[in-house]
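Structure record follows, encoded as structure tokens.
The values are calculated or read from the model by the stated rules, or taken from the named source; none is laboratory data. None of these values were measured; they are calculated from a predicted model. Here the Cβ positions follow ideal geometry from the backbone for every residue, glycine too, while neighbour counts run over all protein chains shown. These accessible areas exclude ligands, DNA and RNA; they are computed on the full protein's heavy atoms, side chains included. Shrake-Rupley method; radii C 1.70, N 1.55, O 1.52, S 1.80 Å.
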Amino acid sequence: MTHQSPTLSEAQKRELHETALRIVSPGKGILAADESVGSLAKRLAQVGVENTEENRRQYRQILFSADDRINGCIGGVIFFHETLYQHTDNGIAFVKMIRDRGILVGIKVDKGVVPLAGTCGETTTQGLDGLSDRCAQYKKDGAVFAKWRCVLKISDTNPSKLAITENANVLARYSSICQQHGIVPIIEPEILPDGDHDLKRSQYITEKVLTAVYKAMSDHHVYLEGTLLKPNMVTSGHSCPTKYSPEEVAMATVTALRRTVPPAVTGVAFLSGGQSEEEASVHLNAINNCPLAKPWILTFSFGRALQASALRAWRGHKENEKAATEQFIKKAEANSLACQGKYTGGDNNYVEAGQRSYGSCHAY
Amino acid sequence: MTHQFPYLSPEQKKELSDIAQRIVAPGKGILAADESTGTMGKRLEKIKVDNNEENRRYFRDLLFSTDPSISNCVGGVIFFHETLYQKADSGKLFPQVVKDKGIVVGIKVDKGTAGLKGTDGETTTQGLDGLSERCAQYKKDGCDFAKWRSVLKISDGCPSALAIAENANVLARYASICQQNGLVPIVEPEILPDGDHDLLRCQYVSEKVLAAVYKALSDHHVYLEGTLLKPNMVTAGQSCTKKFTPQEVAMATVTALRRTVPAAVPGICFLSGGQSEEEASRNLNAINQVPLHRPWKLTFSYGRALQASALAAWQGKTANKAAAQEAFCSRAKINGLAAKGEYKPSGSADQASMQSLYTASYIY
């Protein structure tokens, strides 16, 4: 505890920090296109498309073929392993396609959740075995950042102390290993929105979880400037009867982060969870307009909230490809505005124009 | 871990937050005049003054009755218990004298260090017994903040995991009790400068200690916006052969804080430790010029570094009172400027050459 053994050289630290900064450059966020085969199956089923490797390739191609308009909106794309080695119809590697436009390539490296016996349905995440070698290979294959998702849930008894500490610990181990290979770890401790808990409860739990995460990061000697955080926004549960304004969500979210995320963390890129595309953008916008001081970049790492419309427009038909890509571009542009606090609302007028009140921060 | 139980109302939170903000208002810091009887004895001995109650009263009167303009650079004064109930020559109680100047009154509440068996001379700090009742009384008697000092040291085997965890825990208990009684807790985890360790070692240890402190504060449900931190600056040990510039000290200090202190903490008021008055001012100034984002106020909570010249000028003689007050005011003004990064020591190199030292590439 008292002597520092070498972890990273100056050059390694600089590389990690600069990579993190590039991913979350002003106006940019992350496209989470790392749905596993199983997850993508659910998305494709919703639009009546069969879950084959070819369909998955075609779908990702629709996203990656977006024109230069996304260059100022997307700083990084998270890939699933299969996708990292796929090509366009013309034989261009997806990785090359993305990198050539100055967008950074990331890779999901966890191997899914596994149950924690003795808890009420809680999980940890596996994937540490051989992770070091896998990271070395991914770095060679073009990836400069990684992502690992842990999952916690809120219920009368959850999250338990074990779930919090165990997930914080694996996130820290994963981060430490990634950094050794010049890969920026995105740390994702997702607290699911399932349940009827209110905004305050979500905030309270988010604060406890994030504090544990950063204590574990410190214990594992992780270089914070070379990491990114991918948390849930603080929202009430899906079945909570009280509805909260974007400003309330923003205030609760920013307050929770201010109490737990060290300023040294380069950026916070929110997951969208179960939110609709519009909801996610409106919330991100409110977060960036929150009047509390925010020492990190606050941006997006959206999956569904960037892709839902594109998927619906495509429905597996080749003739819809351009229209689908256009939908994705529109969402990328909307979120680019939102992460700068300049989004004024989309098609369904979720947002009212004019000055909105954020209320007193002492109630949070 | 999952349900939040009531601890502070929004009104209580606002009161604590407002007090903290007033203490660290721009350009202001804290006069630590809370030397215990024994410690005051050491100071008085140096100028051959008898350590009796009247002399202690006289010297504190000298400081507190100084020109009212002192309130431009002093936001708070920390009292020792005895002093809280003493009077100025004018007959007014000291807390009232200080409050009349618009300065917040604080009180040292710890009862000194106690040995940790099984460690290499490490300590914890006592004073929790009956602390709640004492705080309630101090609040009635005019105090709005408190201070508690924990001590750690660096050596081959120190600080141990126990010393770090135990001191973090008592600091959190103290903080929690203070807030229940409307007192803003100043959290002081001092890492002594004794030793021959270099700057990097001190930074490493400071990061570990502060990470543990903020984890403990979270575990004890302390409202961070209603606290202040009083840490050591990150410096090399006093017998380290290598010397470091104020810019290096500043960079190491701010880096350590960015990695550990949540943005919700309104202010960080450094202790001066063994530094000379000028050293403490220059270092604070350099800290406020570091080109990294600093989301908290960075100011002073100085004892010796504000009083040494005044004591030397006084020499126990009434005739020297004005000169002593002048010396004190001078240091206070200088530190007020240093807290804004605006201190220009005469005879030092100009701004441009100071600035170039920051672009040195060392990554901490």
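On inspection, B:ARG43 does not qualify as farther than 20 Å from B:ILE334 by Cα, without any contact (Cβ under 8 Å) to a residue 40 or more places away in the chain, within 24 Å of the chain's Cα centre (by Cα) and crowded, with 17+ Cβ neighbours inside 10 Å. In the set (1) surrounded by fewer than 16 Cβ atoms within 10 Å (Cβ to Cβ); (2) within 14 Å of chain A (Cβ to nearest Cβ); (3) in contact with a strand residue (DSSP E or B) (Cβ under 9 Å, 6 or more places away or on another chain), B:TYR85 fails one condition alone, (2). Within the stretch B:215-231, the residues that satisfy the criterion of being within 13 Å of chain A (Cβ to nearest Cβ), of a type outside the set (A, V, I, L, M) and either within 20 Å of B:GLY29 (Cβ to Cβ) or open to solvent by 10 Å² or more (accessible area, probe 1.4 Å) (or both) are B:LYS215, B:SER218, B:ASP219, B:HIS220, B:HIS221, B:GLU225, B:GLY226, B:THR227. The C-beta contact set for the stretch B:140-162 (first residue free of Cβ contacts under 8 Å to residues at least 24 places away in the same chain and at the interface with another protein chain (Cβ under 10 Å from one of its Cβ atoms), second residue open to solvent by 30 Å² or more (accessible area, probe 1.4 Å) and assigned to a loop (DSSP other than H, G, I, E, B), distance under 7 angstrom, 6+ apart or interchain) comprises B:ALA161/A:MET1. Taken over the stretch B:299-331, residues that are within 20 Å of B:LEU229 (Cα to Cα) and either surrounded by fewer than 24 Cβ atoms within 10 Å (Cβ to Cβ) or of a type in the set (Gly, Ala, Ser) (or both) amount to 4.
Rundown of residues vs (1) among the small types (Gly, Ala, Ser); (2) under 13 Å from A:SER272 (Cβ atoms), yes/no style:
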residue	(1), (2)
A:ALA293	yes, no
A:ARG304	no, yes
A:GLY316	yes, no
A:ASN320	no, no
A:ALA324	yes, no
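Taken over the stretch A:168-209, the residue count meeting the criterion of being more than 13 Å from chain B (Cβ to nearest Cβ) and either touching a Cys at 6+ places or on another chain (Cβ under 8 Å) or under 22 Å from A:ILE30 (Cα atoms) (or both) is 22.
What number of residues in the stretch A:238-266 are within 13 Å of chain B (Cβ to nearest Cβ) and of a type outside the set (S, T, N, Q)? Total meeting the criteria: 12.
Filtering B:ASP129, B:ASP100, B:ASP144, B:ASP120 for residues that are of a type outside the set (A, V, I, L, M), closer than 30 Å to B:LEU337 by Cα and open to solvent by 50 Å² or more (accessible area, probe 1.4 Å) leaves a single hit, B:ASP100.
Of the set (1) surrounded by fewer than 22 Cβ atoms within 10 Å (Cβ to Cβ); (2) more than 19 Å from B:VAL265 (Cα to Cα); (3) of a type in the set (D, E, K, R), all apply to B:ARG173 but (2). Taking the options A:ALA216, A:ALA146, A:ALA212, name whichever one is of a type outside the set (S, T, N, Q) and away from every other protein chain (no Cβ under 11 Å). Of A:ALA216, A:ALA146, A:ALA212, the one residue that is of a type outside the set (S, T, N, Q) and away from every other protein chain (no Cβ under 11 Å) is A:ALA146.
Is it the case, given these coordinates, that B:LEU171 is away from chain A (no Cβ under 14 Å) and within 23 Å of B:ASN181 (Cα to Cα)? Judged against the criteria, B:LEU171 is a match.
If only one of A:GLY359, A:GLY274 is touching a helix residue (DSSP H, G or I) at 6+ places or on another chain (Cβ under 7 Å), part of a loop (DSSP other than H, G, I, E, B) and open to solvent by 40 Å² or more (accessible area, probe 1.4 Å), which one is it? Result of the check over A:GLY359, A:GLY274: A:GLY359. Quick check on the stretch A:175-198. Is at least one of its residues under 22 Å from B:ALA264 (Cβ atoms) and part of a helix (DSSP H, G or I)? No, the conditions are met nowhere in the stretch A:175-198. Selection of the stretch B:183-214 for residues being more than 13 Å from chain A (Cβ to nearest Cβ) and open to solvent by 10 Å² or more (accessible area, probe 1.4 Å) yields B:GLU190, B:LEU192, B:PRO193, B:ASP194, B:ASP196. Candidates A:PRO159, A:PRO193, A:PRO185: the one that is touching a His at 6+ places or on another chain (Cβ under 8 Å) and at pLDDT 95 or above is A:PRO193. If you go through the stretch A:151-162 and pick out every residue that is more than 9 Å from chain B (Cβ to nearest Cβ) and crowded, with 19+ Cβ neighbours inside 10 Å, you end up with 2.
All of (1) modelled with pLDDT of 95 or more; (2) in a loop (DSSP other than H, G, I, E, B); (3) surrounded by fewer than 17 Cβ atoms within 10 Å (Cβ to Cβ) hold for B:HIS3 with one exception: (1).
Of the helices (runs of 4 or more DSSP H) lying entirely inside the stretch A:1-77, those containing at least 1 residues that are within 14 Å of chain B (Cβ to nearest Cβ) and free of Cβ contacts under 8 Å to residues at least 24 places away in the same chain are A:10-23. Within the stretch B:332-342, the set of residues being open to solvent by 30 Å² or more (accessible area, probe 1.4 Å) and more than 17 Å from B:ASP67 (Cα to Cα) comprises B:LEU337, B:LYS340, B:GLU342. If the condition is being touching a residue at least 40 places away in the same chain (Cβ under 8 Å), assigned to a strand (DSSP E or B) and farther than 16 Å from A:GLN180 by Cβ, then the stretch A:109-164 contributes A:THR123, A:THR124, A:THR125, A:LYS147, A:ARG149, A:CYS150, A:VAL151, A:LEU152.
Considered as a group, the residues in the stretch A:219-228 that are among the aliphatic types (A, V, I, L, M) and either touching a His at 6+ places or on another chain (Cβ under 6 Å) or free of Cβ contacts under 8 Å to residues at least 60 places away in the same chain (or both) include one that is nearest to the other protein chains (Cβ to nearest Cβ), and that residue is A:LEU224. Residues in the stretch B:6-26 that are touching a helix residue (DSSP H, G or I) at 6+ places or on another chain (Cβ under 7 Å) and either surrounded by fewer than 17 Cβ atoms within 10 Å (Cβ to Cβ) or basic (Lys, Arg) (or both): B:PRO10, B:LYS13, B:LYS14.
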